[in-house]
Amino acid sequence: MGLSIKKLLLFTLVLFVFSCKEKEVKKEVVPEETAVSYYEEAYRPQFHFTPEKNWMNDPNGLVYHQGVYHLFYQHYPEDIVWGPMHWGHAVSKDMLHWEHKPIALYPDEHGDIFSGSAVVDVNNTSGFGTKDNPALVAIFTYHLMEGEQAGRTDFQTQGIAYSLDNGESWIKYEGNPVIGNPGIKDFRDPKVFWNEKAEMWTMLVVAGDHLQIWNSANLKDWEYVSEFGKNQGAHGGVWECPDLFPLKVDGTDEVKWVLLISINPGAPNGGNGTQYFIGDFDGKSFTSEQEQNKWVDLGRDNYAGVTYNNTPNEERIFIGWMSNWDYARDTPTEKWRSASTVPRTLSLSKINGQYELLNYPLSSFESLVDSEVVPKDILVPLDGTYEIKLTTDNQSEIRFTTAHRDFVLSLKNDSKDSLAIAMNGKGKMLNFDRRNSGLTDFKDNFATGVQEMPIDNLPEGAIEIRILLDASSIELFVNQGQYVMTNQIFPRDTYTTLEFLNTTGKELEVSAFSERSVQRIWEE
């Protein structure tokens with residue numbers, strides 16, 4: 001009996017130890033099983049560029065060199081809200097998949113590192129490199145916070161840095177700043193390009209409410225040559241992030257110059273936006289006869305966009321910051337904040353006698369989209385609706401063509417969130433309504449009112465509607481980028497239903513409708 005008790009006690013002890021060990025194992029395993037996978041946090045875009053963590057805003061230093069597309073960006077590495085600016089860095093070989101790199105530029109005694117550009121000094125005009133190994137040169141704004149806080153007006157200057165290993169490491173020029181401040185509070189965002197007309201470098205820099213143009217033979221010594229915009233364009237806020245480049249008008253040999261200027265605030269739908277001017281550049285001065293204000297994107301969330309230097313085949317590729325200063329610091333993400341638009345090709349067309357700047361996803365984006373989905377034709381009855389069940393979990397491309405101009409396209413989910421895009425052909429207007437799209441109360445001015453986009457120059461006949469939906473963003477392209485709206489959204493669940501509402505007064509014909517999944521671009 002005593003032996004049996006001993007055995008029983010021993011058996012009980014073994015069970016107790018095993019039970020404790022099992023609890024320890026479970027305690028270790030559970031966090032691993034419930035941990036959020038890489039780039040799969042709530043609202044994390046799957047095919048747009050986002051920083052791994054913390055704050056991001058303007059794209060900077062967009063340049064192609066030695067088979068690599070560089071994306072630098074305004075970055076605060078210590079928090080998900082804006083702070084002392086650095087240049088974050090990522091690279092890509094195809095403009096679709098991105099590799100994160102260490103921070104490229106840190107603040108120094110001259111100030112924080114604000115927005116700017118980068119060039120390849122092919123002819124070694126700066127002397128930083130050689131003909132065989134030309135330097136990659138970054139041009140940026142220094143922002144001396146102490147000067148701003150002291151009430152000075154000269155706290156923004158322009159500096160340069162160079163890299164001899166294709167952006168892996170950077171050396172700041174010992175003669176910085178290369179352009180001092182003449183007493184202008186907002187004096188920033190240098191965009192530099194090689195000026196073939198003058199055979200030297202040209203810098204665009206914004207000066208409060210207008211543009212200044214400077215030229216240089218060596219990227220170090222700069223001469224002021226002209227200005228533009230004091231009496232042209234929208235002036236509801238400070239001018240920022242200029243860009244200037246030539247484009248051939250589609251189907252012709254005519255070449256016009258396009259100037260991009262971002263403005264904050266003062267955009268038609270509130271907060272910030274990017275306007276454009278079409279004109280001519282003689283190597284020193286830009287002129288434009290344009291009287292109407294024109295906008296790259298009429299949504300609320302495409303700002304500070306600029307284009308790549310030195311691209312193969314001289315393709316003009318644009319990337320914008322997908323947010324708005326009205327609420328950028330408050331959007332409901334936790335590990336990171338802000339995304340970039342998909343890279344877009346810019347082109348110039350003459351439609352109904354008017355020059356139009358089109359922006360449309362790169363053709364290579366098609367390689368990410370499911371090619372096995374067969375498009376279908378839809379007929380929506382007079383004054384009726386047509387519902388389509390969505391299957392791609394807010395990671396999709398929605399696409400169709402129609403000759404009709406009067407309909408409402410709605411996205412809905414089981415949480416009763418809804419997003420509406422309404423085209424009004426009679427009024428020549430497209431409305432975007434995100435007031436009930438999901439989480440909207442994180443900032444009062446995120447979802448106030450219905451956004452409006454005039455569509456008064458659409459050509460006759462069928463046009464394409466294309467939508468890119470990615471977790472917390474929607475990019476809408478009308479007629480292959482003639483009219484564009486980019487907006488953030490934060491639905492409480494993925495949208496599961498798409499509904500057409502027919503407002504044409506006759507049957508609504510929709511051709512080649514497809515909802516196709518888009519591959520995610522991130523690998524741990």
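The values are calculated or read from the model by the stated rules, or taken from the named source; none is laboratory data. Since the structure is predicted, the reported quantities are computational estimates derived from the model, not experimental observations. Cβ: placed from backbone, ideal geometry, glycine included. Neighbour counts: every protein chain shown. For the accessible areas, the whole protein counts, side chains as well, though only heavy atoms, and no ligand, DNA or RNA atoms are used. Shrake-Rupley method; radii C 1.70, N 1.55, O 1.52, S 1.80 Å.
Observations on the model:
- With 10 Å bins from 0: P(r) over region 358-498, alpha-carbon pairs, percent: 10, 41, 39, 10, 0
- The Ser37 and Asn313 beta-carbon pair, evaluated with R₀ = 25 Å, returns a calculated FRET efficiency of approximately 0.10.
- The chain, relative contact order [Cα under 8 Å, separation at least 6], %: 13
- When peptides 370-377, 90-97 are ranked by their average number of other Cβ atoms within 10 Å per residue, the highest-first order is 90-97, 370-377.
- Excluding ligands, DNA and RNA, the accessible surface per residue across region 365-449 is 51 Å² with a 1.4 Å probe.
- Across region 339-349, coupling constants 3J(HN,Hα) worked out from phi with the 6.51/-1.76/1.60 Karplus curve, θ = phi - 60°, read 9, 9, 5, 5, x, 10, 8, 9, 9, 10, 10 Hz, and Gly and Pro carry x.
- Full extension of the segment from Asp250 to Ile103, taken as 0.36 nm per residue of separation minus the current Cα-Cα distance, would add 49.0 nm.
- Packing-based ranking of 290-299, 167-176, 137-146 yields 137-146, 290-299, 167-176, ordered from highest to lowest mean Cβ neighbour count within 10 Å.
- For region 274-327, alpha-carbon Rg over 2.2 N^0.38 Å: 1.38
- What the phi angles of region 118-126 give under the Karplus curve with 6.51, -1.76 and 1.60, with θ = phi - 60°, is a coupling list of 8, 9, 9, 7, 4, 8, 6, 5, 7 Hz, glycine and proline written as x.
- At full extension, Ser363 and Lys185 could sit 60.0 nm farther apart than now, given 0.36 nm per residue minus the alpha carbon distance.
- Distant alpha-carbon pairs in region 41-187 (separation over 21 angstrom), percent: 46
- Which labelled figure in [x] 9; [y] 18; [z] 24 is percent of Cα pairs over 46 Å apart, once derived from the coordinates: [y]
- Using a Förster distance of 25 Å, the FRET efficiency for His210-Ala150 (Cβ separation, nearest 0.05): 0.45
- Exceeding the 26 Å Cα-Cα cut-off - candidates Lys101/Lys256; Lys416/Lys443; Lys93/Lys443; Lys428/Lys506; Lys248/Lys426: Lys101/Lys256; Lys93/Lys443; Lys248/Lys426
- Straightening the chain between Ser371 and Glu291 buys 24.5 nm, computed as 0.36 nm per residue apart minus the Cα-Cα spacing.
- Compactness of region 137-190, expressed as Rg and Dmax over alpha-carbon positions, Å: 12.6, 40
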